Structure formats: structure tokens, C-alpha cells
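The block underneath contains the structure these notes are about, expressed in C-alpha cells.
The values are calculated or read from the model by the stated rules, or taken from the named source; none is laboratory data. Source: prediction; values computed, not measured. Cβ atoms come from the backbone with ideal geometry, glycine included; neighbour counts cover every protein chain shown.
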Amino acid sequence: MNDVLVDVQDLEVHFPVYGSGLIRSHINDVQAVDGVSFQIRRGETLGLVGESGCGKTTTGLALLRLIEPTGGTVTFDDIDMGSLAAGQLRTLRRRVAMIFQDPYASLDPRMSIGKIVGEPLDIHDLARSRTDKHRRVGDLLEMVGLSPDYRNRYPHEFSGGQRQRVGIARALATEPDFIVCDEPIAALDVSIQAGVMNLLEDLQRDLGLTYLFIAHDLSAVQHFSDRIAVMYLGRIVEVADRANLYEHPHHPYTEALLSAVPVPNPVVERSRHRIILEGDVPSPIDPPTGCNFNPRCPKVFEPCASQDPVLTAAGGHDVACHLYGGEA
Amino acid sequence: MTEPILEVNDLRVRFGTKRGVAEVVNGISYDLHPGETLAIVGESGSGKSVSVLALMGLLAQPPASVLGSARYRGEELLGMPAKDLRSIRGKRLAMIFQDPMTSLNPVRTVGYQLIEPMALHLNLKGGPARERGLELLELVGIPSPDARFSDYPHQLSGGMRQRVMIAMALACDPDVLIADEATTALDVTTQAQITDLVAELQQRIGMAVIWITHDLGVVASIADRVHVMYGGRFMEQAAVDDLYATPHHPYTEGLLGSLPMPGPDRPERLMTIPGLPPDPVTMPSGCSFAPRCTYADTDRCLQAVPPMELLGNLHSTACFYPLAVAR
């Protein structure tokens with residue numbers, strides 16, 4: 001058995017931009033994901049972190065072909081996702097699932113909780129009988145810490161944290177191997193976040209799940225992940241295991257991002273040096289030439305504006321930066 | 001100690017709703033001194049935003065009813081005639097809101113909105129107002145202010161919009177700046193830019209800041225004093241170092257324990273607080289945290305509201321069984 005469950009190579013998602021004239025000519029592309037490669041091993045959690053608009057959610061969606069990638073390949077358990085016809089893709093989708101960011105928008109308000117959690121069982125024809133389905137929905141609700149008696153209630157009767165648990169139960173319904181968690185705690189209150197994080201951890205341990213954990217909150221990603229990929233403007237700038245990334249960030253963007261995360265400890269806060277980045281993230285319609293980070297990089301030097309750095313191994317990290325010899 | 005610039009005493013806010021009276025703020029008191037940064041921390045629904053909207057006179061009455069007292073330099077703000085309040089609000093007391101997209105007017109240019117408070121409060125118009133507007137944009141770190149002056153809000157990024165909001169708030173050199181979740185909608189690197197900017201401006205201008213947030217990480221990096229709010233009451237108040245080092249209230253302990261700490265070591269399991277925040281229409285009769293508290297007992301905690309008690313150097317908590325206190 002291959003150790004790598006998900007293998008992403010040069011994944012590219014470009015959204016076309018059309019002119020406003022009578023003939024809506026294709027004038028440009030939003031390069032939301034622009035050549036992203038990473039691997040996720042069985043049973044591990046890869047954290048994908050980046051600021052809003054960097055393409056992390058699009059990456060997650062393209063991975064499951066919920067958005068069609070415009071380039072690159074995604075291999076899931078040695079199956080090339082891109083080559084699958086609609087029927088085959090549907091069969092494969094039983095083995096992958098997604099937990100969405102907003103528990104208020106991702107549950108149909110007109111479906112009861114039982115229906116929401118049971119729907120994947122119907123779609124994939126997994127329940128042998130009505131009683132079997134009833135039992136399994138009950139089990140799923142219990143697994144995420146909700147009472148099976150809630151099955152006839154509707155989403156509006158639940159709090160944000162409980163709704164996110166319903167979303168998790170739905171994702172678990174088909175007994176998937178791999179779950180893309182897209183900002184699963186961002187919409188929740190602080191005291192509720194911890195409960196959902198612990199639940200995801202328990203489920204991973206008990207069911208042997210593999211996660212892609214997408215978040216903008218580096219503290220949450222660090223808490224949760226075995227390895228972390230840092231994304232900036234459609235590209236991955238650094239991948240390393242969690243301790244390594246924290247102690248020795250290589251890429252200047254990773255360094256800045258780490259230093260910007262406020263630590264809940266005033267003594268530490270006063271003593272640390274914060275790297276304040278200048279300016280804003282450039283538009284993905286017209287990204288800078290060379291390294292995407294070069295207009296804001298405090299360590300910019302000669303090759304950065306002209307040559308694309310390539311993700312290369314350097315001291316246990318994969319880093320895309322000319323400082324570490326990542327030349328094209 | 002200097003005279004407090006703002007004194008809030010037993011502030012209460014209620015709303016009449018179809019289901020009954022919602023008790024959103026249930027008697028909070030604090031002083032704010034010139035130049036200091038006070039953080040009010042709480043989760044959504046704790047009443048933190050409503051409490052400052054009330055003292056700014058920004059709640060429509062009815063449905064709200066505001067009781068208690070809030071004095072700015074000795075002058076009572078609550079119940080002050082609208083005309084008088086207008087001469088203080090936006091001039092001496094300024095506010096920045098959470099969402100810079102919805103709190104800027106989308107059909108007016110940045111420049112127009114920036115000049116508006118100056119015309120109103122300082123009688124500054126035309127050339128001098130524009131001059132001052134450009135100065136402010138520069139002060140908050142907006143590149144090429146000349147060009148941005150005639151831009152509309154949608155042409156700016158989130159961070160830039162929040163900078164414009166700050167520039168507007170600073171237009172009349174306020175004594176007190178209230179920042180209501182001012183960085184919540186922003187990315188961390190932009191958040192760092194904004195908190196840095198406010199701290200720098202504070203040192204330069206000497207204004208006091210009330211920072212309202214749910215993020216204990218941000219609080220650690222900017223606040224002098226912290227008040228932890230839950231169910232419309234303060235649970236604990238302390239200097240920032242004391243609060244993080246020795247939380248006395250079980251709620252504060254729970255909040256701090258539920259935060260993932262950035263660090264190289266494999267983290268421990270996070271603490272969780274069972275249950276849900278209270279419904280303001282059916283507030284518990286005792287301590288508002290008692291139904292979720294692991295230390296609560298039935299006789300005292302569920303029956304009576306614990307008073308705020310001073311336990312150490314400016315460190316007080318409203319709990320019958322405070323933690324980490326020799327008794």
C-alpha cells in the first residue's frame with residue numbers, strides 16, 4: 001500500500017475574466033491556484049494556511065473536483081481523479097468528504113438533521129433498510145456528541161457549534177478516508193472552537209482519518225496539524241512539519257505570518273519582535289513577475305523580481321525562495 | 001493617579017422583545033484613564049458591543065432602555081440632549097467599527113467622508129479640511145493619499161478601509177477611541193499593521209483606547225487592563241499580566257485553556273467549556289456563568305449574583321470561589 005494518500009502535482013485553477021463589451025472576449029485570468037504541489041500521507045493532518053484570497057479554499061475544492069482544475073493532477077489512493085468519468089467520480093466521492101466553513105450556510109434550513117445526515121447514505125445506497133439507516137444516523141449523531149433524539153429537529157434550532165457537529169456527522173456518513181476541513185472553526189466562538197477541534201482529533205484517532213485542514217488561523221493549524229503548508233497568492237511558499245516550521249521558518253512570508261499571530265501571553269508579546277509587512281496582497285489577476293511575494297518581502301534581492309522560485313528541499317523544509325537556492 | 005476621563009457606573013441595557021425583556025448588559029462599572037488601553041473581552045452575545053453603543057448614545061430608545069451612569073470628564077452622557085451629545089460624540093469620543101465595508105458610505109468618496117466630521121466639529125472646510133484629510137491619511141499609513149482621497153470605499157482593500165475608518169475617528173483629535181472588534185474582519189498580517197498603528201498613534205496623541213474583542217491573543221499584545229465580560233457582567237478585571245498569569249474566575253480560566261498556543265511542542269488537549277452562553281431573555285438568577293461552571297454549587301452560585309471583589313493589586317473577580325487565591 002502506498003504511504004501517500006493524496007498526491008497533488010502542479011494543481012492550477014484559473015478563473016476566466018471576460019470583457020464588458022458586447023462581445024465578451026476572454027481578457028484575463030484570476031490565477032486563484034497557480035501550480036500547487038503537495039502530498040498527504042495516510043492518517044496525517046496537513047494544515048494549509050494562508051490569508052484570505054490566497055487560494056486555499058479553491059485548492060480544497062479542486063482537490064475533490066468540486067471545482068474543475070484547469071491544470072495539474074490530483075491522485076487519490078493511486079487513482080487519477082482527473083481521468084474519472086462522472087459515475088466513477090461519484091463512487092470515489094464516497095471515500096472523500098468535506099466540512100465547510102459556515103455552519104449556517106452549509107445546512108439546508110428546510111431539511112431535518114436526520115435527513116441531512118442520512119442523505120449521503122441514500123445517495124451512495126449504503127443503508128440496507130430503513131431501520132438500518134435510522135440506526136446509522138443515530139450512531140453518527142452520537143459520534144459527534146449530539147443526542148440521536150435531535151434527528152427530527154431543524155438547523156435553526158441549533159447553535160453554531162452544534163451545527164458544525166451536524167456538518168461533521170454528514171461528512172462521516174459514508175465512512176470516508178479523507179476529509180477536507182475548510183475553516184471548520186472560524187465561524188465559532190472561542191469557547192466552542194476547542195470542543196470542535198477536540199472532536200475532530202478524537203475522530204481522526206478512532207477512525208484513522210486523513211485530513212486537509214484549511215485555516216487562516218495559524219495557532220489553530222499548528223495545534224492540529226502534523227505538517228503545514230503555507231500558501232501565498234495561489235502558490236505554496238513553504239511546507240514543513242509543525243515544530244520545524246514554528247522554530248525555523250525559512251520563507252520570509254512564513255516568518256512574517258508567524259510573527260503577526262498574537263500569542264495569548266502578554267509577557268511573551270512584549271518581548272517578541274513583530275515583522276510588519278508593508279502594503280497589501282497583490283491581485284491574483286495580475287500577480288507580480290518572479291516571486292509572488294517580492295513586492296512586500298523584507299529580504300528581497302536581485303533575482304526575486306525576475307525569476308520564479310521553485311519549491312525545493314532545504315533543511316527538512318520545502319521552500320520556494322531564492323534565499324535557499326530555489327531557482328527555476 | 002490622574003482623573004478618569006470616562007467613568008461608567010452600573011450601566012444596564014435592556015431590550016423589549018417579543019419573548020420578553022432581554023437583559024443584555026447587567027450593571028457594569030469601570031473607569032478609563034487618559035492614555036491607557038482597556039480591553040473588554042467577551043464572546044458574541046456577552047453584551048460588550050452593546051455596552052459601548054449605549055454610552056455613545058447610539059442605541060435607539062425604545063426598544064433599548066439604558067440605565068446607570070456614564071460620565072465623560074464629569075459630564076453625564078446618558079440622557080444628555082441629542083444636540084449636546086453630538087458635540088462630544090465623534091469629536092471627543094470616537095469609534096471604529098468592526099466591518100469597514102458596511103460602516104463606510106459606498107456612494108461617497110473617502111475624502112468626503114473624512115472631511116465630514118471636520119466640517120461638523122471643527123468648522124474646517126475647503127482647502128484646509130482637505131489638507132488635514134491628506135495629513136490624516138498619511139498618518140494612518142495610506143500610500144499616495146492624494147490619489148486615495150477621491151477613491152470610493154470599494155476601490156480599497158479591507159486593511160485600507162479600516163485605516164480610513166481610523167483616520168475618520170482621529171479627525172478631531174479624540175480623547176477616547178473605542179475600537180469595536182476593529183481587526184476581527186482582517187487577516188493577521190493586516191491586523192498586526194492596525195494594532196501597531198493604533199498603539200503608535202496612542203503614544204503620539206495620548207488618547208485612551210477601549211478595545212473590544214473576543215481575541216485573547218490581540219488583548220495580550222495591546223492592553224494595559226482587561227475586563228472579561230460574560231452574560232452582560234464583568235467576571236474579572238485585572239492588569240493584563242495578572243489576568244493571564246493567575247486567572248481567578250473559572251470562565252477566564254476556561255477561555256485561556258481553550259486557546260491553542262502557538263509553539264513547537266505537540267500541544268495538549270484543549271480545555272472546553274461545556275454548554276452554551278445564557279439567553280439574555282432568561283438570564284440565570286445567580287452567577288451568569290454558574291450553569292456552565294465546573295466549580296459551581298447549588299446554594300450560592302445558582303442563587304445569588306457574586307459581587308465584584310478586590311483580591312489583589314487591582315485584580316478583582318465576581319466569583320464566590322475564586323481560583324488560585326489563598327483562602
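Take A:ASN265 and decide whether it is more than 25 Å from A:GLN101 (Cα to Cα), more than 12 Å from every other protein chain (Cβ to nearest Cβ) and either without any contact (Cβ under 8 Å) to a residue 60 or more places away in the chain or among the aliphatic types (A, V, I, L, M) (or both). Considered against the rule, which asks whether it is more than 25 Å from A:GLN101 (Cα to Cα), more than 12 Å from every other protein chain (Cβ to nearest Cβ) and either without any contact (Cβ under 8 Å) to a residue 60 or more places away in the chain or among the aliphatic types (A, V, I, L, M) (or both), A:ASN265 comes out as no.
Does B:ALA220 satisfy the condition of being at the interface with chain A (Cβ under 8 Å from one of its Cβ atoms) and outside any loop (DSSP other than H, G, I, E, B)? Criteria met by B:ALA220.
A quick yes/no check of all residues on (1) over 24 Å from A:VAL74 (Cα atoms); (2) in contact (Cβ under 8 Å) with a residue 60 or more places away in the chain; (3) among the basic types (Lys, Arg); (4) in contact with a helix residue (DSSP H, G or I) (Cβ under 7 Å, 6 or more places away or on another chain):
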{"site": "A:GLY118", "(1), (2), (3), (4)": "yes, no, no, yes"}
{"site": "A:LEU126", "(1), (2), (3), (4)": "yes, no, no, no"}
{"site": "A:GLY145", "(1), (2), (3), (4)": "yes, no, no, yes"}
{"site": "A:ARG151", "(1), (2), (3), (4)": "yes, no, yes, yes"}
{"site": "A:GLY160", "(1), (2), (3), (4)": "yes, no, no, yes"}
{"site": "A:ASP177", "(1), (2), (3), (4)": "no, yes, no, no"}
{"site": "A:ALA187", "(1), (2), (3), (4)": "yes, yes, no, yes"}
{"site": "A:GLN204", "(1), (2), (3), (4)": "no, yes, no, no"}
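Within segment A:56-77, restricting attention to residues that are in a loop (DSSP other than H, G, I, E, B) and in contact with a Leu (Cβ under 7 Å, 6 or more places away or on another chain), which residue is surrounded by the most Cβ atoms within 10 Å (Cβ to Cβ)?
Looking at the filtered set, the residue picked out is A:PRO69.
Does A:SER147 fit the bill of being buried (at least 23 other Cβ atoms within 10 Å of the Cβ) and not hydrophobic (A, V, I, L, M, F, W, C)? Here the answer is no, as A:SER147 does not meet what is asked. When the residues of segment B:292-309 are filtered to those that are exposed (fewer than 14 other Cβ atoms within 10 Å of the Cβ) and touching a Phe, Trp or Tyr at 6+ places or on another chain (Cβ under 9 Å), the one that is farthest from the other protein chains (Cβ to nearest Cβ) is B:ALA304. With (1) surrounded by fewer than 21 Cβ atoms within 10 Å (Cβ to Cβ); (2) of a type in the set (A, V, I, L, M, F, W, C); (3) more than 11 Å from chain B (Cβ to nearest Cβ) as the list, and A:CYS291 as the residue in question, which single condition is left unmet? Of the numbered conditions (1) surrounded by fewer than 21 Cβ atoms within 10 Å (Cβ to Cβ); (2) of a type in the set (A, V, I, L, M, F, W, C); (3) more than 11 Å from chain B (Cβ to nearest Cβ), the odd one out for A:CYS291 is (1). Restricting attention to segment A:276-328 and to residues that are modelled with pLDDT of 85 or more and of a type in the set (Val, Ile, Thr), the residue that is farthest from A:ALA243 (Cα to Cα) turns out to be A:THR289. Taken over segment B:244-291, the criterion of being of a type in the set (A, V, I, L, M), more than 22 Å from A:ARG272 (Cβ to Cβ) and more than 7 Å from chain A (Cβ to nearest Cβ) is satisfied by B:VAL281, B:MET283, B:ALA290. If I filter segment B:201-208 for residues that are in a loop (DSSP other than H, G, I, E, B), at the interface with another protein chain (Cβ under 9 Å from one of its Cβ atoms) and in contact with an Asp or Glu (Cβ under 7 Å, 6 or more places away or on another chain), do I get at least one hit? Checked against the condition, which is being in a loop (DSSP other than H, G, I, E, B), at the interface with another protein chain (Cβ under 9 Å from one of its Cβ atoms) and in contact with an Asp or Glu (Cβ under 7 Å, 6 or more places away or on another chain), segment B:201-208 yields no hits at all. Working only within segment A:250-262, note down all residues that are under 23 Å from A:THR45 (Cα atoms), more than 8 Å from chain B (Cβ to nearest Cβ) and buried (at least 21 other Cβ atoms within 10 Å of the Cβ). The answer is A:HIS250, A:HIS251, A:TYR253, A:THR254.
For B:THR189, the requirement of being in contact with a Leu (Cβ under 6 Å, 6 or more places away or on another chain) and farther than 28 Å from B:ARG73 by Cβ is met. Considering the conditions (1) over 22 Å from A:LEU48 (Cβ atoms); (2) within 14 Å of chain B (Cβ to nearest Cβ); (3) exposed (fewer than 15 other Cβ atoms within 10 Å of the Cβ), A:GLY325 is excluded by exactly one of them, (2). Per the conditions (1) at the interface with another protein chain (Cβ under 10 Å from one of its Cβ atoms); (2) within 15 Å of B:MET308 (Cβ to Cβ); (3) assigned to a helix (DSSP H, G or I); (4) β-branched (Val, Ile, Thr), the sole criterion not satisfied by B:VAL226 is (3). Scanning segment B:32-46 for residues that are among the acidic types (Asp, Glu), away from chain A (no Cβ under 14 Å) and within 18 Å of B:MET95 (Cβ to Cβ) turns up at least one hit.
Candidates B:GLY263, B:GLY312, B:GLY254, B:GLY275: the one that is of a type in the set (Gly, Ala, Ser) and buried (at least 19 other Cβ atoms within 10 Å of the Cβ) is B:GLY254. Only a single criterion out of (1) at pLDDT below 90; (2) farther than 21 Å from A:VAL6 by Cβ; (3) more than 9 Å from every other protein chain (Cβ to nearest Cβ) is not satisfied by A:GLY195, namely (3). In segment B:174-195, the condition of being outside any loop (DSSP other than H, G, I, E, B), hydroxyl-bearing (Ser, Thr, Tyr) and either touching a residue at least 40 places away in the same chain (Cβ under 8 Å) or closer than 30 Å to B:GLY275 by Cβ (or both) is met by no residue. Counting residues in segment A:279-301 that are part of a loop (DSSP other than H, G, I, E, B), in contact with a Ser or Thr (Cβ under 6 Å, 6 or more places away or on another chain) and among the β-branched types (Val, Ile, Thr) gives zero. Those residues that are among the polar types (S, T, N, Q) and closer than 22 Å to B:THR317 by Cβ, I need them from segment B:10-29; list them, please. Within segment B:10-29, B:ASN26, B:SER29 meet the criteria.
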